[in-house]
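Here is the structure we will look at.
The numbers here are math on the coordinates, done by the rules we state, and not lab data. Remember, it's a predicted structure, so these values are computed and weren't measured experimentally. All Cβ positions, glycine included, derive from the backbone under ideal geometry; neighbour counts span all protein chains shown.
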Protein chains: 2
Amino acid sequence: MAEGISLEELQLAARNHGMPLEALRWEITPIGLHYLLTHYDIPAPDPATWRLEVDGLVERPLSLSLEDLRARPAVEIAVTMECAGNGRVHVEPHVASQPWLLEAVGNARWRGTPVAGLLEEAGIADGGRDALFTGLDRGVEGGEEQAYQRSLPLDELLGGEAILAYEINGEPLPPQHGFPLRLLVPGWYGMTSVKWLERITVLDAPFDGYQMRHSYRLRQEEDEEGEPLSRMQVRALMVPPGLPEFLSRTRVVPAGTCTLEGRAWSGQAEVAGVEVSADGGKTWSEAELGDDSLGRWAWRGWRLEWEATPGEHELCCRARDAAGNVQPLESSWNLGGYANNAVQRVSVTVTE
Amino acid sequence: MAEGISLEELQLAARNHGMPLEALRWEITPIGLHYLLTHYDIPAPDPATWRLEVDGLVERPLSLSLEDLRARPAVEIAVTMECAGNGRVHVEPHVASQPWLLEAVGNARWRGTPVAGLLEEAGIADGGRDALFTGLDRGVEGGEEQAYQRSLPLDELLGGEAILAYEINGEPLPPQHGFPLRLLVPGWYGMTSVKWLERITVLDAPFDGYQMRHSYRLRQEEDEEGEPLSRMQVRALMVPPGLPEFLSRTRVVPAGTCTLEGRAWSGQAEVAGVEVSADGGKTWSEAELGDDSLGRWAWRGWRLEWEATPGEHELCCRARDAAGNVQPLESSWNLGGYANNAVQRVSVTVTE
């Protein structure tokens, strides 16, 4: 693991924030605890003049106010969202970017109108294949001045559950989550869910901008095309048990029965199980999975009663999904430090 | 400035978060953008069984539910709160702790019941001199297992505007801000405003625990008693203008008139003025101060129209208060890296 984080990376860590892992206790992450990654600055659009434009290869371009959008059919879905860079600090050699440890996750109730219905209303013109989502957030990245922009195949959108969200946990989006409107694509890494949405443009091919062509691809070398990131890898995280030490965050746990608990999710398939190890991954016990009452796109709780004996222990948790994916024990490297779902390791000292 | 931040410090930076400086645009900081420092873990008390105990040298010990507290006289005050460690990363030699740059600040509307009234109701018994505030948050620091605890002189509390707050920005406190109840001491650094309050104990002398005796003191050496930190130093911060580069956070500004704006505050006296420099502090221009409609304990807006000419510029802002305090140009060192209110410096590239 990297021992020296640069000032540039610290600047990002001070702006963007993870969800402290004890907040895994809340099935629905309270506002202010959900992870946040803002590429540029948080915009402050005026909701009175803001419009969502739908244009490009559509039969009927649309220009919609927030009230227009709120008047459309609405759904509310609980969605676990994770940054594609979660776990980046644990890959070697070091990748300089937002230095996430493991906290870049959250689970919220998002309310909005289905993207599919809006695209159907606009009508896809001949040749329409992909939809480009453009945010109001602007900055420079890789030497290119740009708005934050990502595209998705129309097949994914017309057959899927993506929404244009204007509420989180029953409240209007706060500025940092994309006020007044954001895209929300269940099961996908967070980069897909464009915030501060101002435009949806139907194209005849995938968008080729910076955030598609350069960022968010799995590759080993700069000149390699690589594979675009899409759905979240399977992962379990645990609430670190016991008491923390302020600076080191090492944990002290009293001997006896200790409830280990956490949440698990996968964008690829339903969570099939979670195992827990108290010896650094040598032996594993099956945890009890909580119910799936929040639906397919939200994390599931898990718990296991652990008989804590005095001494040093390394606790690990490992999830698997119904598609046969299992978390690896070790991190693997790629150029962007993406999609590192290696098992969490929590060192604890159990006292008499 | 430190070039290498340790993994331990990064762990803190990933948990605790600053207010991204573009959020200075909001007079009242939205929930989720206000800075947060949590020494240990965020507790999750059950509001149905939670009580505030008032004990020690009082004539009538009290045990109050959240409803009891909400039924008491209520006030709402706008308060700017800053961490005593804000600016720590800029002091040299490096101080290893929560690695704040400049973002450890926020301004919120807090609603609650005055501490003075509650203490008067309990009645101070003979010898009562200080009040100890104990939070539900527990951990290990400096080798000592402890709850987070800080005391204040009764003179400060009985004559002051401190409240026991149960709402922020019109909503119940979220978990991370101290649900269900926190102390809020206007004008003081944030360490004073104990979160997740469970007990107020009247003592015959200042509390001598870790957070009083070791932390939050200005001193040059470990064996020095030093001065306890109390009220916030004067400081101005600006919204970094133009567009950011993702990783470096350097700014690009188009040539022409550029509005520089920000906020200024002091816990010592009213803000008397803010100056702005576009040449790294060699020459200064007086900014226009906004009104003080939020009251004495909130920050004040400021703005200045800057004629940006092509080239590299270092923007600075410097506040002064009515007690004659002015921000220094350079950081000064102390053992804890506290109270560093050296002027902010923002490097910008102005393009044609």
Review point. What is the magnitude of the charge dipole of the range B:155-232 about its Cα centre, with +1 placed on the Cβ of each Lys and Arg, -1 on the Cβ of each Asp and Glu, and no other charges, expressed in debye to the nearest 20?
Key: 360 debye
Exercise for review: Return the sequence-ordered ³J(HN,Hα) values of the range A:161-168 in whole Hz as given by the Karplus equation 6.51 cos²θ - 1.76 cosθ + 1.60 applied to θ = phi - 60°, using x for Gly and Pro.
Suggested key: 10, 4, 10, 9, 9, 10, 9, 10
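Could you check what % of the DSSP bridge pairs in the range B:7-228 are antiparallel, to the nearest 5?
Numbers: 40 of 44 bridges.
Percentage antiparallel, nearest 5: 90.
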Review point. Considering only A:W50, A:S63, A:L33, whose Cα is most displaced toward the positive end of the charge dipole of the range A:7-228, charges sitting on Cβ of Lys, Arg (+1) and Asp, Glu (-1)?
Key: A:L33
Study note, to complete from the structure: The size of the Cβ-based charge dipole (Lys, Arg +1; Asp, Glu -1) of the range A:235-351 about the Cα centre, to the nearest 20 debye, is 340 debye
Exercise for review: For the range A:192-203, just list the computed ³J(HN,Hα) in residue order, Karplus coefficients 6.51, -1.76 and 1.60, θ = phi - 60°, integers in Hz, with x standing in for Gly and Pro.
Suggested key: 6, 8, 3, 8, 6, 4, 10, 7, 10, 10, 7, 10
Review point. Which of B:G135, B:G273, B:G159 moves most in a GNM of chain B, Cα contacts under 10 Å?
Key: B:G159
Exercise for review: In nm to one decimal, list the spacings between the B:P93 label point and its equivalents in the other copies, with label points set 7 Å along Cα to Cβ, shortest first.
Suggested key: 3.0
Practice item. Among B:A104, B:F133, B:P228, pick out the residue whose Cα is farthest towards the positive end of the charge dipole of the range B:7-228, where Lys and Arg carry +1 and Asp and Glu carry -1 on C-beta, about the Cα centre. Key: B:A104
Revision key, fill the gap. Note: the range B:7-228, point scatterers on Cα, Debye, no solvent; log10 I/I(0) at q = 0.08, 0.14, 0.17, 0.18 Å⁻¹ equals -0.28, -0.89, -1.32, -1.46
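Can you work out D for the range A:5-102 in µm² s⁻¹ from Stokes-Einstein, where Rh is the Kirkwood radius over C-alpha pairs, the temperature is 37 °C and the viscosity is 0.692 mPa s? Don't skip to the answer; put the middle values down first.
Details: Rh = 17.1 Å.
The estimated diffusion coefficient comes to 192 µm²/s.
Can you tell me the dipole magnitude for chain A around its Cα centre, using point charges on the Cβ only (Lys, Arg +1; Asp, Glu -1), in Debye to the nearest 20?
Charge dipole, chain A, about its Cα centre: 580 debye, nearest 20.
Which of the GluC sites (Glu not before Pro) found in the range B:152-245 are loop residues per DSSP with 16 or fewer other Cβ atoms within 10 Å of their Cβ? Don't skip to the answer; put the middle values down first.
On the way: sites: B:E156, B:E161, B:E167, B:E198, B:E221, B:E222, B:E224, B:E225, B:E245; in loops: B:E161, B:E221, B:E222, B:E224, B:E225.
Taking the range B:152-245 and a limit of 16 other Cβ atoms within 10 Å, the loop GluC sites (Glu not before Pro) found are B:E221, B:E222, B:E224, B:E225.
Once you compute Rg and the Kirkwood Rh from C-alpha atoms, what is the Rg to Rh ratio for the range B:131-262?
Working: Rg = 19.5 Å, Rh = 17.8 Å.
Here Rg/Rh amounts to 1.10.
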Point to revise | Loop GluC sites (Glu not before Pro), the range A:1-97, which have at most 14 other Cβ atoms in a 10 Å radius of their Cβ (DSSP) | key: A:E3, A:E59
Exercise for review: Could you work out how far the C-alpha centroid of the range B:79-98 sits from that of the range A:276-305, in angstrom?
Suggested key: 38 Å
Practice item. Take chain A, connect every pair of alpha-carbon atoms lying under 10 Å apart with a spring to form a Gaussian network, then pick out the residue of A:L36, A:L294, A:L183 with the largest mean-square fluctuation. Key: A:L294
Review point. Picking from A:G336, A:A319, A:A269, whose Cα lies most toward the positive end of the charge dipole for the range A:235-351 (charges on Cβ: Lys, Arg +1; Asp, Glu -1)?
Key: A:G336
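Classify the range B:170-221: rounded, prolate or oblate, from the alpha-carbon gyration tensor (a ≥ b ≥ c, eigenvalue square roots; a/c under 1.5 rounded; otherwise prolate if a/b is larger than b/c)? Don't skip to the end; give the middle numbers.
Numbers: a/c = 2.49, a/b = 1.64, b/c = 1.52.
Prolate, since a/c reaches 1.5 and a/b exceeds b/c.
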Practice item. Apply the Debye scattering formula to the range A:215-310, with a single equal point scatterer on each alpha-carbon and no solvent, then give log10 I(q)/I(0) at q = 0.19, 0.23 Å⁻¹. Key: -0.97, -1.14
Review point. Taking the Cα centre of each part, how many Å lie between the range A:222-237 and the range A:325-339?
Key: 9 Å
Check your understanding: Using a Gaussian network model of chain B with C-alpha springs under 10 Å, which one of B:R199, B:R296, B:R70 is most mobile by mean-square fluctuation?
Key -> B:R70
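What does the net charge come to around A:G301 if you take all other residues with beta carbon closer than 12 Å to its beta carbon, with K and R at +1 and D and E at -1?
Details: positive: A:R25, A:R263, A:R300, A:R303; negative: A:E27, A:E261, A:E288, A:D291, A:D292.
Neighbour charge sum, excluding A:G301 itself: -1.
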Point to revise | Overall dimensions of the protein assembly as shown as given by Cα atoms, namely Rg and Dmax in Å | key: 25.7, 86
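Per residue of chain A, what 222 nm ellipticity follows from adding -39500 (n - 2.57) for every DSSP H run with n ≥ 4, rounded to the nearest 500? It would help to have the intermediate numbers written out before the result.
On the way: 5 runs with 31 residues, N = 352.
Rounded to the nearest 500, the figure is -2000 deg cm²/dmol.
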Point to revise | Partner chain coverage, peptide A:29-40 - average Cβ within 10 angstrom | key: 4
Revision key, fill the gap. Within the under-13-Å Cβ sphere about B:F246, not counting B:F246, Lys/Arg +1 and Asp/Glu -1 give a net charge of -4
